[in-house]
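S.K.: Please read through the structure below; I'll follow up with questions.
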Amino acid sequence: MSDPLFPAMEPRPAGEERDDAPPRYETANRHQIELQPCDLESLLPPGHAARLVWRFAEGLDLSAFYAAIRAREGRAGRPPIDPKILVALWLYATMDGVGSAREVDRLCSSHDAYRWLRGGVSVNYHTLSDFRVAHQAALDDLLTQSITALLHRGVVTMARVAHDGTRVRGSAGAGSFRRRETLQACARQARQQVERVQKQGDPPVHARTTAAQQRAAADRMARVEEALAHLPAIEATKQRQKGHRVTAARVSTTDPEARVMKMADGGYRPAYNVQLATDVDSRAIVGVAVTNVGSDRSRVIPMLGQIRARVGRGPAAVLVDGGCFAGETITAAAAQGVTVYAPLSMRRGGPTATPTRTDSPALREWRARMNTPEAQHLYQARAATAEWVNADARTHRTLTAIPVRGLTKVHTWALWIALAHNMLRTLDIVPHLMT
């Protein structure tokens, strides 16, 4: 007996096909959730750059990073991410030309190298961003470790060091600079805003909104007050500019420590001056300094002191640009046993080939030395070293614009670039392994 709901189908004769029937096929269903097993260790081939970065991180002394962890065995509290993972992620990202914490966070989910480095540990952009700028002293020590390792292997010789400064665009808008009168008006408005928010009360329904408004108002007032605190130093600098058209002193409310500098293209923009010292033989960075002064003069002697503090001795010779030194620099360097190689300048105010009666013995020796073909040939190594390092950092290490604000954070950011550069010199990673 047939069921009326499910009538029996008539048997189709063999070989008979229905041309009017719709085709049957499998199509894409991208809303379906798939759980695919993944072996992280098999994601990368042997010798991949990420594996070498991890090996480099394992060889570093990260005790300063571990000492800052508050979670301890036997105590309550969530354990943080292993600092070795964060160090390796930022070294690889800097080497890969990635400077955004949000971009690193995205790559940790979509890129095999970053997934392998984090090893299944969950990371987020906020943690990455805070870690990058929170350990200046520890990063400076890691840079010293990398220099010591290269020095121990005989790669860094300290026979000649090239010094140069490069101005990098700061994270402050040109329109954020204000004069004293405008800053004082902004300060009054910020205080009124803080008082206005505080008088609104704190009802339970709007507690989070009120707290956010209070933080925003307090942050604005703090930035304006910091800008006012930096104003006297800028005004004093302006007063010393004799013979030039002196303009009113202005400070940025976005980044009070940034200064307007003349850039390589001839324009004027908020920037920082990043100073790098490079060993000529190994092309490893042996010194890093950041200043908000556009001029490179008087920067050589502090850099020599930093190098001496890192490796225990100064270089035998230093190659500097014509705008990086003065007669006092040559005399002070000679007193430390360092020979200065710098071009003979015919510009006003700079040392020239013509000796004077007030020359020190070191200055007279420098004039005679730089008139010889041997010294001029030796000085040519400065461009091939310092300029190459700057160009490489701008092209591959995000040294084009500074994503952080303040001298301390900018210095920390520059240390990451120097450490990544020295890592490549230590591991001798060739470009085709970085793909």
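S.K.: Assuming R0 = 41 Å, what is the FRET efficiency of Glu225 and Thr358, from their Cβ-Cβ distance, to the nearest 0.05?
M.R.: 0.35
S.K.: What FRET efficiency do you get for Ser109 and Ala326 if R0 is 60 Å and r is their Cβ-Cβ distance, rounded to the nearest 0.05?
M.R.: Taking R0 as 60 Å, the efficiency between Ser109 and Ala326 is 0.70.
S.K.: Could you tell me the relative contact order of segment 90-180? Use alpha-carbon pairs under 8 Å, at least six residues apart, and round to a whole percent. Display every interim value, and only then the final one.
M.R.: Values: 27 pairs, mean separation 15.8, N = 91.
Computed over segment 90-180, the figure is 17 percent.
S.K.: A further question follows. Suppose all protein chains stay in the model; what accessible area per residue would a 1.4 Å probe give for segment 79-221, in Å²?
M.R.: The answer is 50 Å² per residue.
S.K.: While we're on this one: Taking the Cα-to-Cβ direction at Thr27 and at Gln336 and moving 7 Å from each Cα, how far apart do the two end points lie in nm?
M.R.: In this crude spin-label approximation the distance works out to 7.4 nm.
S.K.: For segment 97-233, rounded, prolate or oblate, judged on the Cα gyration tensor with a ≥ b ≥ c (square roots of eigenvalues), a/c < 1.5 rounded, else prolate if a/b > b/c?
M.R.: Since a/c reaches 1.5 but b/c is at least a/b, the shape of segment 97-233 is classed as oblate.
S.K.: Let me ask something additional. Checking the a/c ratio against 1.5 first, then a/b against b/c, what shape does the Cα gyration tensor give for segment 75-148? List each step's numbers first, then the result.
M.R.: Numbers: a/c = 1.72, a/b = 1.14, b/c = 1.51.
Cα axes put segment 75-148 in the oblate bin.
S.K.: Determine the gain in length on full extension of the stretch Val121-Asn371; use 0.36 nm per residue of separation and subtract their C-alpha separation, reporting nm with one decimal.
M.R.: 83.9 nm
S.K.: Once R0 is set to 35 Å, what does the formula 1/(1 + (r/R0)^6) return for the Cβ-Cβ distance between Glu34 and Trp388, expressed as a FRET efficiency to the nearest 0.05?
M.R.: Working from the Cβ atoms, E equals 0.15.
S.K.: Let me ask something else. Could you check the simple spin-label distance between Arg78 and Thr148, using points 7 Å along Cα→Cβ, in nm with one decimal?
M.R.: Distance between label points: 3.5 nm.
S.K.: May I pose another question? Modelled label-to-label distance, Arg55 and Gln189, 7 Å Cα→beta-carbon offset: nm?
M.R.: Going by the 7 Å Cα→Cβ label model, 5.8 nm.
S.K.: From the backbone phi of segment 184-189, what are the Karplus-calculated ³J(HN,Hα) couplings (6.51 cos²θ - 1.76 cosθ + 1.60, θ = phi - 60°) in whole Hz, Gly and Pro given as x?
M.R.: Running phi through 6.51 cos²θ - 1.76 cosθ + 1.60 with θ = phi - 60° gives 5, 5, 5, 5, 5, 5 Hz.
S.K.: Then there is this: In the neighborhood of Thr339, defined by Cβ-to-Cβ distances under 11 Å, what is the net charge if each Lys or Arg adds +1 and each Asp or Glu adds -1? Don't skip to the end; give the middle numbers.
M.R.: On the way: positive: Arg160, Arg369; negative: Glu365.
Around Thr339, the charge tally is +1.
S.K.: Quick one: what are the phi-derived ³J(HN,Hα) couplings along segment 30-36, Karplus 6.51/-1.76/1.60 with θ = phi - 60°, whole Hz, x for glycine and proline?
M.R.: 7, 8, 7, 7, 10, 10, 10
The values are calculated or read from the model by the stated rules, or taken from the named source; none is laboratory data. This one's a predicted model, so the numbers in the text were calculated from it and none came from an experiment. Cβ atoms come from the backbone with ideal geometry, glycine included; neighbour counts cover every protein chain shown. When the accessible area is computed, the model is the full protein with side chains, heavy atoms only, and any ligands, DNA or RNA have been set aside. Shrake-Rupley method; radii C 1.70, N 1.55, O 1.52, S 1.80 Å.
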